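No lab work stands behind these numbers, since they all come straight from the coordinates. Everything numeric in this text was worked out from a predicted model, so none of it was measured. Neighbour counts run over all protein chains shown; Cβ positions are idealised from the backbone, glycine included.
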Ligand SMILES: *[C@@H]1O[C@H](CO)[C@@H](O)[C@H](O)[C@H]1NC(C)=O
Ligand SMILES: *[C@@H]1O[C@H](CO)[C@@H](O)[C@H](O)[C@H]1NC(C)=O
């Protein structure tokens, strides 16, 4: 009898599980507004207004700050967090590395500024702590005796610490209508260090493949999240427009895009197979494909795609060869020398006295598995900076001791589509402002 009721129960549960919902809604797409730090946002309604650029920054070339702060640029999505009086819409930075979506919660130290009120769990009736006994409270999360479960997330965005919780999230844009999803797992951060949020962003939205990411959780609830797409652009010319992070059927056609396999598919991050680097279409022969290999024993090496990493980072061995080639190219071709001192926030800068050299700065091509090539033009590789009254151009790729990361600044102007089910990354140059509203 008990056996029968168990199987009855299983049968009923099977009818009610998200699996059925999935088959019904798998083909449905949805999109989240992808905004810059400067977009005005109504925190009550989620309505996105015009771009409020700082005084003197109306020229699109100036939208990129002259002295880029660490953590720049930051691309975020607008998401509603909380229920009842506790609900507000926030800008959450896109994060392909962290396992968990997190938001700064009251009280939060250090007391940095952010746009909109800090999330107050006490005002949100659907907010609940994840208890030590919960299925989710297992490593890397830490249970505390009979009480809450804590998390620590360190990515290139921030080092966030706090408690695991669940609450209602609201997605979508005000034009196509909001979708509400209850009981989503997230981190309520009471500490967020080295979080260069521009005084605006409230936290990060995790899009990796772990079961605790928002992407995975939404997929479990029948949202078509196995394929997503974005096209980052600098705002300025299109002052009222914002882009979209698109999922499922909302993802535009990519028949004519380059494509390369996503490697190590069992890993939570989006690995691609970088095999070589060209400078101005000339292959750097000293860069060996082996330099980019991932070593599973040490968990080092490999190349990932991440919008949460502001600028591309390259494994040291390959970076050193690239850096030497860039220095030699600018010296021989443009007669420009490397600055012999440090310019804040940069590693490799050149003194430029004459105008008109910018268009002659080199481009870089990343050679990826299956013959795919991603060309990054000069305007995404160098940033201008004033230092002691002199104009400099500084290189926007940095060395890394652990791995290679294709970061946000070098993804601008290209549409990227990550197809997790088929383990492929598609990319193609695009005027991203065409997919905006
Ligand atoms: C947000 O929108 C609501 C409803 O339209 C409006 O009453 C409120 O004044 C707006 N808030 C801001 C700060 O614009
Ligand atoms: C994500 O979880 C894995 C373990 O499952 C852990 O090794 C990794 O450090 C976590 N990532 C972050 C950014 O916390």
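Taking 35 Å as R0, compute the FRET efficiency from the Cβ-Cβ separation of residue 355 and residue 285 and round it to 0.05.
Result of the calculation: an efficiency of 0.55.
Determine, for 109, 312, 260, the number of other Cβ atoms within 10 Å of each Cβ, and report the residues in order from fewest to most.
Ascending Cβ contact count within 10 Å gives the list 109, 260, 312.
Provide the packing ranking of 95-108, 399-412, 263-276, i.e. peptides ordered by the mean count of other C-beta atoms within 10 Å per residue, highest first.
95-108, 399-412, 263-276
In whole angstrom, and with the biggest value first, how far do the Cα coordinates of region 241-322 range along each principal axis?
42, 35, 25
For region 127-217, just say rounded, prolate or oblate: build the C-alpha gyration tensor, square-root its eigenvalues into a ≥ b ≥ c, call rounded for a/c under 1.5, and beyond that prolate if a/b exceeds b/c, oblate if not.
Cα axes put region 127-217 in the oblate bin.
Going by average Cβ neighbours within 10 Å, how do the peptides 166-178, 188-200 rank, with the highest at the top?
Listed from highest to lowest mean packing, they are 188-200, 166-178.
Between residue 433 and residue 211, what FRET efficiency comes out of the Förster formula 1/(1 + (r/R0)^6) with R0 = 30 Å and r the beta carbon distance, rounded to 0.05?
Rounded to the nearest 0.05, the efficiency is 0.25.
Antiparallel versus total DSSP beta bridges in the chain: what percent is that, nearest 5?
The antiparallel proportion sits near 85 percent.
Please give the FRET efficiency for residue 181 paired with residue 133, using the beta carbon to beta carbon distance and R0 = 35 Å, rounded to the nearest 0.05.
Rounded to the nearest 0.05, the efficiency is 0.90.
Say each of residue 42 and residue 174 gets a label point 7 Å from the Cα, pointing the same way as Cα to Cβ; how far apart are those two points in nm?
0.4 nm
Based on the alpha-carbon gyration tensor of region 274-326 and its eigenvalue square roots a ≥ b ≥ c, which shape applies: rounded if a/c is under 1.5, prolate if not and a/b is larger than b/c, or oblate? Before the final figure, lay out each step's value.
Details: a/c = 2.09, a/b = 1.34, b/c = 1.56.
Here region 274-326 falls in the oblate category.
Could you give the nm distance between label points at residue 377 and residue 109, where each point is 7 Å from its Cα heading toward the beta carbon?
4.8 nm
Which whole-number percentage describes the relative contact order of the chain, with Cα contacts under 8 Å and a sequence gap of 6 or more?
Computed over the chain, the figure is 18 percent.
For a quick check: sort 74, 205 by the number of other beta carbons within 10 angstrom, fewest at the front.
Lowest count first: 74, 205.
Could the peptides 215-222, 428-435, 333-340 be put in order, highest first, of the mean number of other beta-carbon atoms found within 10 Å of their residues?
My ranking of the peptides, most packed first, is 215-222, 428-435, 333-340.
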